[in-house]
Amino acid sequence: MSAPELADVARYVDEVAPLLALPIPPECRGGVVRNLVALLTAGDLLGEFALGEEETAPVFEP
Amino acid sequence: MTASDALGVAAHVHARRVTARETAVQALARIRDRDPHLNCFSAVLEDEALRDATAVDAALAAGRDPGPLAGVPFAVKNLFDVRGLVTLAGSRINAGNTAAARDATVVARLRSAGAVLVGALNMDEYAFGFTTENSHYGPTRNPHDPSRVAGGSSGGSAAAVAGRLVPFTLGSDTNGSIRVPASLCGVYGLKPTYGRLSRAGAGLFGISFDHVGPLAASVRDLAAAYDVMQGPDPTDPVCAGRAVEPCLPVLDEGTNDLRIAVADGHFAARGEPEVFAAVESVAKALGAVRRVTIAENDRARAAATIITASEGASLHMEDLRTRPLDFDPMTRDRFLAGALLPAALYVRAQRFRSWYRAQLREIFREVDVLLAPTTPFPAPRIGQDTITVCGVEVLTRPMLGLYTQPLSFIGLPVVSVPVAGPSPLPVGVQLVAAPWQEAALFRVAAALERDGVIAARIVP
């Protein structure tokens, strides 16, 4: 995977935030996009790592 | 006895050489005098403190033991519920909430041990920061240089100890929020094993990594506060059902049977020379020559960042939807970005967490205590967005968690100890153990303190 492009992430923010009923104030949009780029880049770093069969179900006692 | 010596204060109160009320009056006077310069406190509980202190004195007069922390003033990060006080968690949004109906479990346990709560302490909004540069309530200033940050997010908690306002405090640590300010202010800070201390009544942030713990001016005071707070709590689903394992009685047991190693690789790079010199001074004093390499720490930080952003945003989703501009500009855009993260990334980060934990479990078969720096540099200036480390310009605030974040990611117990030395600004070293082995950390810290290798830096 490659690092996400700023313009692609900006489009994702513009299209996904309304679906989540999460209005992004105009003065926040640039900061939100920059921070989401950083988070998705972190995600790419994880995606490049070959994991085994790690089980991560949270323990839930009914 | 000094004002920073919690058990010394308790001994004098028990012996009735000083009253708890006189002790509280002195602490309140110090807060009035010093806090306007430091901005540690968001609330000072003068009436309540004098009432509780008077009750301690009355118990002693009646022949009852008020507890091991009799008359010791303390304060807590303002994300802990305190009966009758609104729990701000560093936010303006929470200021409209009703006051807490009861104390957080750990606050109640400290009060039951005779400690006297004198107030609540400043922090980064919702614990999402490493510097306590709070836009609503102002930055907390470092007592060793007021132009510099105290660290965060428990900045008020560290500065209140280093500034001699109270002998010990409580903080919380999700990615380093006890250890980073402890390092920058030159005090001791304990982040226990995940699940060791109850979080009931403490504001949450990243529920997979949230820990609470004490900060203090000596190893024995850190142990005393920790011991009192231990024990199961059915009201916190994360709190383990483990019996109390007191650390105060083991402080003199020495370190001869402990296998101690220095973490290299990630933990020996990207920091200022003085932080590695601090690690070496501790290693030399302990005779630790073995080096251990932990792999994939940048991925551990990446995974911790994703989990924290996602869990933190989900906790505040309703306010993010309806009043985003009431958030601190220092946290707002990061919370909003976290709310937009795909769930698959969160799950992958949790899976990586299991991989990373398995690696550390193998390392702790061969080692009892690991040494690592706490922060890559001493306290930066307030408002300093970037810093040059090893010739590379980096963002100051996230960089402060470089060495702390991978360890809280898997819930290991860590004590950050203040290293003695001539530099004007303090730095800390992390002592790291396998889960539930806090006692080993306290034994190492106590030995280092006895030998003068580490010492809290408390302003006169």
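In the list B:Ala150, B:Ala100, B:Ala113, which residue meets the criterion of being surrounded by 24 or more Cβ atoms within 10 Å (Cβ to Cβ) and in contact (Cβ under 8 Å) with a residue 24 or more places away in the chain?
Values: B:Ala100 fails: surrounded by 24 or more Cβ atoms within 10 Å (Cβ to Cβ); B:Ala113 fails: surrounded by 24 or more Cβ atoms within 10 Å (Cβ to Cβ).
Answer to the selection: B:Ala150.
Any residue in segment B:406-425 that is without any contact (Cβ under 8 Å) to a residue 12 or more places away in the chain and either closer than 23 Å to B:Val161 by Cβ or among the β-branched types (Val, Ile, Thr) (or both)? Scanning segment B:406-425, I find at least one residue that is without any contact (Cβ under 8 Å) to a residue 12 or more places away in the chain and either closer than 23 Å to B:Val161 by Cβ or among the β-branched types (Val, Ile, Thr) (or both), so the answer is yes.
Among the conditions (1) under 19 Å from the mean Cα position of the chain (by Cα); (2) within 14 Å of another protein chain (Cβ to nearest Cβ); (3) part of a helix (DSSP H, G or I), B:Ile307 misses just one, which is (1). Restricting segment A:1-55 to residues that are closer than 16 Å to B:Met317 by Cβ and more than 9 Å from chain B (Cβ to nearest Cβ), the residue that is surrounded by the fewest Cβ atoms within 10 Å (Cβ to Cβ) is A:Leu19. With respect to the conditions (1) within 14 Å of another protein chain (Cβ to nearest Cβ); (2) without any contact (Cβ under 8 Å) to a residue 60 or more places away in the chain, B:Asn297 falls short on a single one, namely (2).
Of a type in the set (Val, Ile, Thr), on the phi < 0 side of the Ramachandran plot and either in contact (Cβ under 8 Å) with a residue 60 or more places away in the chain or within 9 Å of chain B (Cβ to nearest Cβ) (or both): is that true of A:Val59 in this structure? First the steps, then the outcome.
On the way: of a type in the set (Val, Ile, Thr): yes; on the phi < 0 side of the Ramachandran plot: yes; either in contact (Cβ under 8 Å) with a residue 60 or more places away in the chain or within 9 Å of chain B (Cβ to nearest Cβ) (or both): no.
Taking the combined requirement at face value, the residue does not satisfy it.
When restricted to residues that are among the basic types (Lys, Arg) and more than 14 Å from every other protein chain (Cβ to nearest Cβ), segment B:350-399 contains 2. Of the residues making up segment B:175-188, none is in contact with an Asp or Glu (Cβ under 6 Å, 6 or more places away or on another chain) and either under 24 Å from B:Phe335 (Cα atoms) or buried (at least 24 other Cβ atoms within 10 Å of the Cβ) (or both). Flag: B:Ala313 matches the condition of being more than 7 Å from every other protein chain (Cβ to nearest Cβ) and at pLDDT 95 or above. When you look at B:Ala49, is it assigned to a helix (DSSP H, G or I) and crowded, with 21+ Cβ neighbours inside 10 Å, yes or no? Answer is yes for this residue. Can we say B:Ala11 is surrounded by fewer than 21 Cβ atoms within 10 Å (Cβ to Cβ), touching a Gly at 6+ places or on another chain (Cβ under 9 Å) and small (Gly, Ala, Ser)? No, not satisfied.
The values are calculated or read from the model by the stated rules, or taken from the named source; none is laboratory data. In this text, all values refer to a predicted model and were calculated from it rather than measured experimentally. Because the Cβ atoms are built from the backbone with ideal geometry, glycine has one as well, and the counts that use them run over all protein chains shown.
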